[in-house]
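Read the structure below first, then the notes.
The values are calculated or read from the model by the stated rules, or taken from the named source; none is laboratory data. From a predicted model like this one, the values you see are computed outputs, not experimental measurements. Neighbour counts run over all protein chains shown; Cβ positions are idealised from the backbone, glycine included.
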Amino acid sequence: MKEELLILALAEAQRRAGTPGDAPAVAAALRARGDVAVCIVASRTGLDWLETRHARGWLSGRAPGIAEFTQAAHAAQARGFVAADALVLAAMRSTYELPLLSWGEEAPEAPRFAAPGRKLDLYAIVDSAARLRQVLDAGVRTVQLRIKTPAAPDAAWHAMLREQVAQAIADSAAAGAELFVNDHWRLARELGGRGVHLGQEDLLALGEAGRAELRASGLALGISSHSLWELARARTLSPRYIACGPVWPTLTKDMPWVPQGLDNLAWWVRAAGAPVTAIGGILQPREVEAAASTGCDGVCIVRGLGEDPRRTLPAFEAALAAGRAHPQPDLPAAPHPSLPSDA
């Protein structure tokens, strides 16, 4: 069922909720009365509070007046966007100029992106240090070690994880490769790692203190994103890159998202402000070429390199170069919804 979207000034929201609280408390009270999405406008200078099924936080950077903002948000909902994405779209100043969205009740921080560095290029995601050595030996220079935590990890599992991460860090350093450790960022930091990748649910679970600790660690951060509100939120952490996915349907994860396609990927590349990597359903060189034609910084491959990366990698590298040599001629003016409106 699509959420009803209420866009109100704080005084009107307080009247309807019957409470004199601040915007987050009042919006939560209104939402608790039914499946409604609430946006309380201008309750802080330059900030609107949104409280929806999918996201809550301070939205900054809105240019339109309230009437224009309301009209644009409802129009985006009519096009199939969930309320959180509709509000982000309505707040945009121009075609690719996204607002910022906070992770919680602290105001969002303006991103401070580093100067462009090396391109991420082909980005192999592996589940063991042995597989990581395989792809490094083949010539891949951007890698992610993704070892998921089981439901009940024991001491033996933690010892295995520590050994795997330490080996991956050593092998990547020896090869001059850029390594991102998925999830286990404190362990990576302890063992001398330089990069980590986190999903948005993990970042939310850290809380303000945990995210501050992560920022202070100096680790290069990769962040997953699947929707406009996730993209607007990811930008506030000034990440090394933002992953856009799934570009095509994928069996690697069971997810509710509509495939982004090349149009949304191209839009992400221009709106993110940070390097963007393509991920999801990329199995063949033709998919690498198509993704690269959008201008993305890197293309993630999970299963496509097969059992013998030395044999398969040259075709993928040639596809990456071909895609970059022939960029997409037509750029999308707007994204399409990436989540069904009743999800």
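General observations
- Annotation note: of 89, 50, the sole residue that is of a type outside the set (D, E, K, R), touching a residue at least 24 places away in the same chain (Cβ under 8 Å) and either part of a strand (DSSP E or B) or in the same structural domain as residue 234 (by TED's automatic domain parsing) (or both) is 50.
- One residue from 143, 135 being part of a strand (DSSP E or B) and aliphatic (A, V, I, L, M): 143
- Flag if residue 124 is assigned to a strand (DSSP E or B) and under 17 Å from residue 193 (Cβ atoms): yes
- Count - residues of region 305-334 that are of a type outside the set (A, V, I, L, M), at pLDDT 95 or above and outside any helix (DSSP H, G or I): 5
- Scanning region 114-152 for residues that are in contact (Cβ under 8 Å) with a residue 24 or more places away in the chain, of a type in the set (A, V, I, L, M, F, W, C) and closer than 28 Å to residue 322 by Cα yields 114, 120, 122, 124, 125, 132, 135, 136, 138, 140, 143, 145.
- For region 71-86, a residue qualifies if it is assigned to a helix (DSSP H, G or I) and touching a residue at least 60 places away in the same chain (Cβ under 8 Å), and the qualifying residues are 73, 74, 77, 83, 84, 85, 86.
Residue by residue, here is whether (1) crowded, with 20+ Cβ neighbours inside 10 Å; (2) in contact with a Leu (Cβ under 8 Å, 6 or more places away or on another chain); (3) on the phi < 0 side of the Ramachandran plot; (4) not assigned by TED's automatic domain parsing to the domain that holds residue 242 holds:
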| residue | (1), (2), (3), (4) |
| --- | --- |
| 133 | no, no, yes, no |
| 136 | yes, no, yes, no |
| 145 | yes, yes, yes, no |
| 151 | no, no, yes, no |
| 159 | no, no, yes, no |
| 168 | yes, yes, yes, no |
| 180 | yes, yes, yes, no |
| 187 | no, yes, yes, no |
| 191 | no, no, yes, no |
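- Checked against the criterion of being modelled with pLDDT of 95 or more, of a type in the set (A, V, I, L, M, F, W, C) and not in a loop (DSSP other than H, G, I, E, B), region 148-155 has at least one qualifying residue.
- Hits in region 299-320 (condition: among the small types (Gly, Ala, Ser) and either touching a residue at least 12 places away in the same chain (Cβ under 8 Å) or farther than 16 Å from residue 139 by Cα (or both)): 304, 315, 318, 319
- Every test in (1) under 29 Å from residue 137 (Cβ atoms); (2) of a type outside the set (Ser, Thr, Tyr); (3) at pLDDT 95 or above is passed by residue 266 save one, and that test is (1).
- Some residue of region 271-281 being more than 17 Å from the chain's Cα centre (by Cα), outside any strand (DSSP E or B) and closer than 19 Å to residue 135 by Cβ: no
- Within region 18-44, the residues that satisfy the criterion of being β-branched (Val, Ile, Thr) and either in contact with a strand residue (DSSP E or B) (Cβ under 8 Å, 6 or more places away or on another chain) or surrounded by 17 or more Cβ atoms within 10 Å (Cβ to Cβ) (or both) are 26, 36, 38, 40, 41.
- Region 83-107: number of residues that are under 17 Å from the mean Cα position of the chain (by Cα) and of a type in the set (Val, Ile, Thr): 1
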